[in-house]
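Quick one: the structure is below, and I'll ask about it shortly.
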Amino acid sequence: MRLILSQAQTLLAEYVDYGLCATDPRVTQWINLAIERLLPVLNPEKTIARYVFPVLNQIITLPPEVKTVLAANLNYPCPPGYSDCGSWLNQVVQVRNRWYEMIPGGPAGYGPNSFVPCSPNVLMDMGSGYSTIADPCTLNDPYIIRVYADLPQPSSEGFIYVNGLDASGNQLISYDTAGYHQALGIQIPTQGQNYTDSGVQISKINTITKPVTQGRIRLYAVDPDTGVQTPIAIYSPTDVAPDYRRYRLTWCGALVENSTIVLQCKRQFVWTTDPDADLLITNVGALQEALMGIRYSKAGSAQLANYHFGEAAQILEKETIDYDTDKLASVQLADYFGGGDIWNLR
């Protein structure tokens, strides 16, 4: 079952406070708080999803709505000369946590400044903190950041701030009407501008921040010598502090062209005010209990708050068991099977 925010606002406004209209901003705020509180507890129906990624440079960057990878399956075409294996091969990949690289028995690397894993069938967590979905091809050389706006506005929407290092390895800084920034400001294009470029070359990106915009913002890394631009980020209008998680796919030898990896993932809570946005918690009863838990928590009654949050968790647990069909039919037969007498089937 789908549940969008506008439906939840109508159904749950009274559980936020008596007499509130469904369009009151507090209703939206509390619904978001309730979902954020419940998501880490269990894996309800809408919180697990499958994603397909192309295998590029052995790095998988998760989109902002994905929290963690639970399982993985690698799909690649049959290598040349092996026509007897069929058209496509499937291979289960082990998902390892962020400590795998450091423990005994983990992967091995070579080279003084690089880590090249050589343990097959492993998807290794590299942690979060990445503000771009891909590193530019010119990563070893300084590059220019180019900003595109899908919906340029008549007046300026502000700046994209890039925290990192310039071509000389110095911290990026900039000044504007708001004062000093320990980051480089790149103005978002307005109507009549195809794009805007960073005023200096950049050798490393640490973080990127942006204001709320009317449309998507796209970032490209441009090679200053050839002019070739490589896409490195696409930001939604409300994505103000992008923070992505990455995984590295280990492999001995060259990856086969057109390989893809299918990931079973736990989805991430993303704050929303869009009335048409799908909610990850679709059980209205669980949301009612969570909202009452927030009310009692705000009033200082920890005992009642914990009770209602516990009720919400139990509702979701039962729903999850029912959805995953974790109930096996028990067939009981009579002593004389030949008679075909079935006592009980449930």
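The values are calculated or read from the model by the stated rules, or taken from the named source; none is laboratory data. In this text the structure is predicted, and so the values were computed from the model without any measurement. Quick reminder, even Gly has a Cβ in these numbers, built from the backbone with ideal geometry, and neighbours come from all protein chains shown.
Of the residues Val212, Val228, Val222, which is touching a strand residue (DSSP E or B) at 6+ places or on another chain (Cβ under 9 Å), surrounded by fewer than 16 Cβ atoms within 10 Å (Cβ to Cβ), in contact (Cβ under 8 Å) with a residue 12 or more places away in the chain and hydrophobic (A, V, I, L, M, F, W, C)? Before you say what the answer is, go through the steps one by one.
Details: Val212 fails: touching a strand residue (DSSP E or B) at 6+ places or on another chain (Cβ under 9 Å); Val222 fails: surrounded by fewer than 16 Cβ atoms within 10 Å (Cβ to Cβ).
One residue alone meets the criteria, Val228.
Here's a follow-up. Can you tell me how many residues in segment 186-208 are surrounded by fewer than 20 Cβ atoms within 10 Å (Cβ to Cβ), free of Cβ contacts under 8 Å to residues at least 60 places away in the same chain and in a strand (DSSP E or B)?
The number of residues fulfilling the criteria is 5.
Of the residues that make up segment 29-47, is at least one farther than 30 Å from Leu263 by Cβ and in a helix (DSSP H, G or I)? Give the steps one after another, and end with the answer.
First, pick out the residues of segment 29-47 that are farther than 30 Å from Leu263 by Cβ: 29-30.
The next check asks that each one be in a helix (DSSP H, G or I); those that pass are 29-30.
Yes, segment 29-47 contains a residue that is farther than 30 Å from Leu263 by Cβ and in a helix (DSSP H, G or I).
Within segment 4-57, which residues are among the aromatic types (Phe, Trp, Tyr), modelled with pLDDT of 90 or more and not assigned by TED's automatic domain parsing to the domain that holds Met292?
Tyr51
Quick check on segment 301-346: of everything there that is polar (S, T, N, Q) and surrounded by 10 or more Cβ atoms within 10 Å (Cβ to Cβ), which residue is modelled with the lowest pLDDT? Spell out the reasoning first.
Applying the first criterion (polar (S, T, N, Q)) to segment 301-346 yields 301, 303, 306, 314, 320, 325, 330, 332, 344.
Subset that is surrounded by 10 or more Cβ atoms within 10 Å (Cβ to Cβ): 301, 306, 314, 320.
Details: Ser301: 92, Asn306: 93, Gln314: 92, Thr320: 84.
Out of the qualifying residues, it is Thr320.
How many residues, within segment 209-253, are in a loop (DSSP other than H, G, I, E, B) and farther than 27 Å from Gln153 by Cα? Let's see the steps before the verdict.
Pass one, segment 209-253, residues in a loop (DSSP other than H, G, I, E, B): 210-216, 223-228, 236-243, 250-253.
Then keep just the ones that are farther than 27 Å from Gln153 by Cα; that gives 223-226, 250-253.
Going through segment 209-253 one residue at a time, the tally reaches 8.
Quickly run through segment 65-97 and pick out the residues that are assigned to a loop (DSSP other than H, G, I, E, B) and modelled with pLDDT of 85 or more.
Residues satisfying the conditions are Glu65, Asn97.
Met102 versus (1) surrounded by 13 or more Cβ atoms within 10 Å (Cβ to Cβ); (2) among the aliphatic types (A, V, I, L, M); (3) modelled with pLDDT under 85: which is the lone unmet condition?
With (1) surrounded by 13 or more Cβ atoms within 10 Å (Cβ to Cβ); (2) among the aliphatic types (A, V, I, L, M); (3) modelled with pLDDT under 85 applied to Met102, the lone miss is (1).
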